[in-house]
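Please read the structure below before turning to the comments.
The values are calculated or read from the model by the stated rules, or taken from the named source; none is laboratory data. Here the structure is a predicted model, which means the values were calculated and not measured. In this analysis, Cβ positions are derived from the backbone assuming ideal geometry, glycine residues included, and neighbour counts consider all displayed protein chains.
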């Protein structure tokens with residue numbers, strides 16, 4: 001079955017530290033991949049997307065993600081986290097339907 | 001441009017009551033979908049539609065009905081609410097297919113409590 005897995009339920013990083021959120025997918029063919037962010041009580045906002053081509057994609061708010069076909073991964077990274085980045089992050093895959101991971105909650109320590 | 005509009009924002013139901021969650025988009029998107037979001041379970045697809053007159057089940061369709069009579073509207077009906085349906089519901093839409101597919105545009109959610 002098609003699935004998206006985010007192995008980390010909760011991550012805590014210090015402000016200014018680097019961040020990597022993991023996402024793995026299980027699909028017969030490579031789906032289209034997305035990262036969304038959800039602030040408390042809000043809807044979901046698109047951070048970035050991968051369809052094809054360059055495996056390193058840049059998004060908003062200084063985020064980037066790297067697609068690795070061999071590892072079926074699409075990890076989200078940010079070199080220096082800001083306190084305002086504290087939120088829940090969702091990885092999603094589209095192959096017809098859209099399937100979401102369970103989310104990773106990011107806490108930022110001052 | 002309003003995007004995706006969900007109403008109501010909050011709703012409390014008693015077990016066995018019925019209600020309809022409304023979703024409308026003004027972007028002429030072909031694809032519309034409903035998700036429920038529960039703590040630790042991400043967003044789970046309830047039903048989706050690839051165009052007017054076409055609907056299909058997602059991951060957790062039981063207890064919910066949908067219809068798509070127009071491109072703009074995609075209401076979600078709870079025929080007999082159960083406490084297990086307490087959740088936050090998101091409607092989302094997108095356009096295009098394949099590499100022309102846009103990302104999902106989300107509504108602001110409906111927080112439903114069933115007592």
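Out of the residues in the stretch A:49-59 meeting the condition of being closer than 19 Å to residue B:101 by Cα and exposed (fewer than 12 other Cβ atoms within 10 Å of the Cβ), tell me which one is nearest to the other protein chains (Cβ to nearest Cβ). Quick ask: steps written out before the conclusion?
Quick first cut of the stretch A:49-59, residues closer than 19 Å to residue B:101 by Cα only: A:49-55, A:57-59.
Then drop every residue that is not exposed (fewer than 12 other Cβ atoms within 10 Å of the Cβ), which leaves A:52-54, A:58.
On the way: A:52: 7, A:53: 9, A:54: 14, A:58: 15 Å.
Within the stretch A:49-59, the match that is nearest to the other protein chains (Cβ to nearest Cβ) is A:52.
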Query raised in the report: Which residue out of B:96, B:51, B:42 is within 11 Å of chain A (Cβ to nearest Cβ) and more than 20 Å from residue A:103 (Cβ to Cβ)?
Result: B:96
Query raised in the report: With respect to the numbered conditions (1) within 13 Å of chain A (Cβ to nearest Cβ); (2) under 30 Å from residue A:9 (Cα atoms); (3) exposed (fewer than 14 other Cβ atoms within 10 Å of the Cβ), which one is the sole condition not fulfilled by residue B:62?
Result: (1)
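Can you find a residue that is at the interface with another protein chain (Cβ under 8 Å from one of its Cβ atoms) and either without any contact (Cβ under 8 Å) to a residue 12 or more places away in the chain or within 11 Å of the chain's Cα centre (by Cα) (or both) anywhere in the stretch B:79-90?
If we filter the stretch B:79-90 for residues that are at the interface with another protein chain (Cβ under 8 Å from one of its Cβ atoms), which is where we start, we get B:90.
Among the residues that remain, those that are also either without any contact (Cβ under 8 Å) to a residue 12 or more places away in the chain or within 11 Å of the chain's Cα centre (by Cα) (or both) are: B:90.
Within the stretch B:79-90, one or more residues are at the interface with another protein chain (Cβ under 8 Å from one of its Cβ atoms) and either without any contact (Cβ under 8 Å) to a residue 12 or more places away in the chain or within 11 Å of the chain's Cα centre (by Cα) (or both).
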Requested in this report: Could you figure out which of (1) under 22 Å from residue A:94 (Cα atoms); (2) assigned to a strand (DSSP E or B); (3) more than 11 Å from chain A (Cβ to nearest Cβ); (4) in contact (Cβ under 8 Å) with a residue 24 or more places away in the chain isn't true of residue B:12?
Outcome: (1)
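This table checks each residue for (1) crowded, with 21+ Cβ neighbours inside 10 Å; (2) under 12 Å from the mean Cα position of the chain (by Cα); (3) modelled with pLDDT of 95 or more.
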position	(1), (2), (3)
B:14	no, no, yes
B:17	no, no, yes
B:22	no, yes, yes
B:34	yes, yes, yes
B:38	no, no, no
B:41	no, no, no
B:52	no, no, no
B:58	no, yes, no
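Conditions tested, residue by residue: (1) in contact (Cβ under 8 Å) with a residue 40 or more places away in the chain; (2) farther than 13 Å from residue A:21 by Cα.
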| site | (1), (2) |
| --- | --- |
| A:66 | no, no |
| A:69 | no, yes |
| A:74 | yes, no |
| A:81 | yes, no |
| A:91 | yes, no |
| A:100 | yes, yes |
| A:104 | yes, no |
| A:107 | yes, no |
Query raised in the report: Looking only at residues in the stretch A:1-45 that are in a loop (DSSP other than H, G, I, E, B) and within 12 Å of the chain's Cα centre (by Cα), which one is nearest to the other protein chains (Cβ to nearest Cβ)?
Result: A:6
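Return yes when residue B:27 is within 12 Å of chain A (Cβ to nearest Cβ), closer than 29 Å to residue B:96 by Cβ and surrounded by 13 or more Cβ atoms within 10 Å (Cβ to Cβ) and no when it is not.
On the way: within 12 Å of chain A (Cβ to nearest Cβ): no; closer than 29 Å to residue B:96 by Cβ: yes; surrounded by 13 or more Cβ atoms within 10 Å (Cβ to Cβ): yes.
Here the answer is no, as residue B:27 does not meet what is asked.
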